[in-house]
Amino acid sequence: MAQAAIVRRMAAARTTTDAGAWGLAMAAVGTLAAVLVLARQARPVVEAAAWSWRFAEQTPTPIIGPIGTARLAGWVLLVAALVAGWRLAAALGAGAAALAELAVLMTGVRDHAGPGWHLLLAVVVAVPLCGSLLLAANGGREQRPLPGRFWAAAAAVGLCAALSAAGTPLVAERFGDSIFISNIPVARIGFGALAFIALFSLVAVSRLPAAVRRRAVVLLATLAVVLATTQLGYDRSFMSVVDYPVLRNQPVMALVLPAVAATVVLALGALAVRLREGPAVMDCSPGDHLRSS
């Protein structure tokens with residue numbers, strides 16, 4: 001009976017630890033996703049500013065419009081709430097953003113990025129942030145703050161994503177009255193920015209405890225798959241790397257494919273974490289605890 005009680009305690013302790021680690025990992029990856037979405041909303045502004053700086057005589061065209069301005073302002077507030085430690089407010093804001101984007105989609109408002117893209121961005125932020133709060137509430141634990149080095153790396157992620165939008169105007173060249181843009185340097189800047197985003201994201205999660213870090217890597221891989229597969233459906237989605245998306249005229253498939261791919265990656269990653277940590281717990285048998293006591 002004593003051994004059975006110890007086994008039950010160990011199982012309960014593992015469940016509590018597992019939920020807490022997943023909760024903090026969700027909070028970390030949700031924060032990185034929010035920073036990335038904010039950077040994505042700021043990219044048109046950065047690009048327009050770079051064009052005006054390189055070719056000042058050109059009259060700037062409207063940059064993002066009223067809806068885009070509202071999006072940018074909303075994501076600024078959401079990231080500010082995360083920085084201040086107001087995760088509940090940020091999670092509610094992400095949920096509200098998803099509902100607002102659904103309303104935009106349902107009302108048929110024209111969106112240059114394609115139907116559903118901004119809705120998907122809001123969802124990939126809302127799901128981990130809300131999930132982290134639910135796990136914390138279920139376990140009766142307070143949300144632990146993210147370390148300062150995590151925030152430094154997250155800021156680097158956002159800067160890389162936003163400032164790389166200036167790549168096209170910076171490599172553009174004038175020939176008479178025409179402006180020539182070479183696709184090769186633009187592609188190099190885009191892929192280089194993606195490499196730095198991936199690097200700084202891994203640096204950010206490396207600041208977390210080991211158990212949390214493993215889960216955060218799984219969630220990061222899931223997020224990366226979502227952003228990569230959505231490039232197949234939208235002309236100017238997260239970053240302009242794919243010029244002619246193969247699923248541009250299939251909006252439903254452009255949303256279903258990322259969801260399926262993300263589910264597969266998340267399931268395989270969670271299984272890998274389970275297998276990685278399972279033996280470490282099972283090696284410590286109840287008899288060992290009895291002998292040590």
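How about region 68-102: which of its residues are free of Cβ contacts under 8 Å to residues at least 24 places away in the same chain and β-branched (Val, Ile, Thr)?
If the condition is that a residue be free of Cβ contacts under 8 Å to residues at least 24 places away in the same chain and β-branched (Val, Ile, Thr), then Thr69 is the only one that fits.
Looking at this structure, is Gly74 modelled with pLDDT of 90 or more, of a type outside the set (Val, Ile, Thr), assigned to a helix (DSSP H, G or I) and surrounded by 14 or more Cβ atoms within 10 Å (Cβ to Cβ)?
Details: modelled with pLDDT of 90 or more: yes; of a type outside the set (Val, Ile, Thr): yes; assigned to a helix (DSSP H, G or I): yes; surrounded by 14 or more Cβ atoms within 10 Å (Cβ to Cβ): yes.
So Gly74 fits the description; yes.
Go through region 131-162 and report how many residues are open to solvent by less than 60 Å² (accessible area, probe 1.4 Å) and polar (S, T, N, Q).
1
Which of the residues that make up region 81-104 are part of a helix (DSSP H, G or I), open to solvent by 20 Å² or more (accessible area, probe 1.4 Å) and more than 17 Å from Arg40 (Cβ to Cβ)?
Val83, Arg87, Leu88, Ala89, Leu92, Gly95, Ala96, Leu99, Leu102, Ala103
Can you tell which of Gly30, Gly68 is in contact with a Ser or Thr (Cβ under 8 Å, 6 or more places away or on another chain) and not in a loop (DSSP other than H, G, I, E, B)?
Of the residues listed, the single one that is in contact with a Ser or Thr (Cβ under 8 Å, 6 or more places away or on another chain) and not in a loop (DSSP other than H, G, I, E, B) is Gly30.
Among the residues of region 198-231, which ones are of a type in the set (Gly, Ala, Ser) and either crowded, with 18+ Cβ neighbours inside 10 Å or within 17 Å of Gly131 (Cβ to Cβ) (or both)?
Passing the criteria: Ser201, Ala204, Ala211, Ala216, Ala221.
Is it fair to say Ser182 is at pLDDT below 80 and open to solvent by less than 60 Å² (accessible area, probe 1.4 Å)?
Taking the combined requirement at face value, the residue satisfies it.
Please find, within region 56-70, the residue that is modelled with the lowest pLDDT out of those that are under 31 Å from the mean Cα position of the chain (by Cα) and under 20 Å from Ile179 (Cα atoms). Break it down stepwise before answering.
To start, the set of residues in region 56-70 that are under 31 Å from the mean Cα position of the chain (by Cα) comprises 60-70.
Going one step further and asking which of them are under 20 Å from Ile179 (Cα atoms), we end up with 60-63.
Values: Pro60: 54, Thr61: 58, Pro62: 57, Ile63: 68.
Across region 56-70, the extreme among qualifying residues is Pro60.
For the structure I just gave you, tell me whether Trp22 is over 20 Å from Ile197 (Cα atoms) and either buried (at least 18 other Cβ atoms within 10 Å of the Cβ) or in contact with a strand residue (DSSP E or B) (Cβ under 9 Å, 6 or more places away or on another chain) (or both). Spell out how you get there, then give the answer.
On the way: over 20 Å from Ile197 (Cα atoms): yes; either buried (at least 18 other Cβ atoms within 10 Å of the Cβ) or in contact with a strand residue (DSSP E or B) (Cβ under 9 Å, 6 or more places away or on another chain) (or both): yes.
Considered against the rule, which asks whether it is over 20 Å from Ile197 (Cα atoms) and either buried (at least 18 other Cβ atoms within 10 Å of the Cβ) or in contact with a strand residue (DSSP E or B) (Cβ under 9 Å, 6 or more places away or on another chain) (or both), Trp22 comes out as yes.
For region 193-215, give me the residue count where each residue is assigned to a helix (DSSP H, G or I) and over 20 Å from Leu163 (Cα atoms).
8
Evaluate region 222-243: report whether one residue or more is modelled with pLDDT under 70 and over 21 Å from the mean Cα position of the chain (by Cα).
Within region 222-243 (the criterion being modelled with pLDDT under 70 and over 21 Å from the mean Cα position of the chain (by Cα)), the answer is yes, since at least one residue qualifies.
Quick check on region 163-179: of everything there that is among the hydrophobic types (A, V, I, L, M, F, W, C) and part of a helix (DSSP H, G or I), which residue is surrounded by the most Cβ atoms within 10 Å (Cβ to Cβ)?
So the residue we want is Ala165.
The values are calculated or read from the model by the stated rules, or taken from the named source; none is laboratory data. Values in this document were obtained by computation on a predicted structure and should not be read as measured data. Note: ideal-geometry Cβ built from the backbone for every residue, glycine included; neighbour counts use all protein chains shown. Each accessible area value is taken on the protein alone, full model and side chains, heavy atoms only, with ligands, DNA and RNA left out. Shrake-Rupley method; radii C 1.70, N 1.55, O 1.52, S 1.80 Å.
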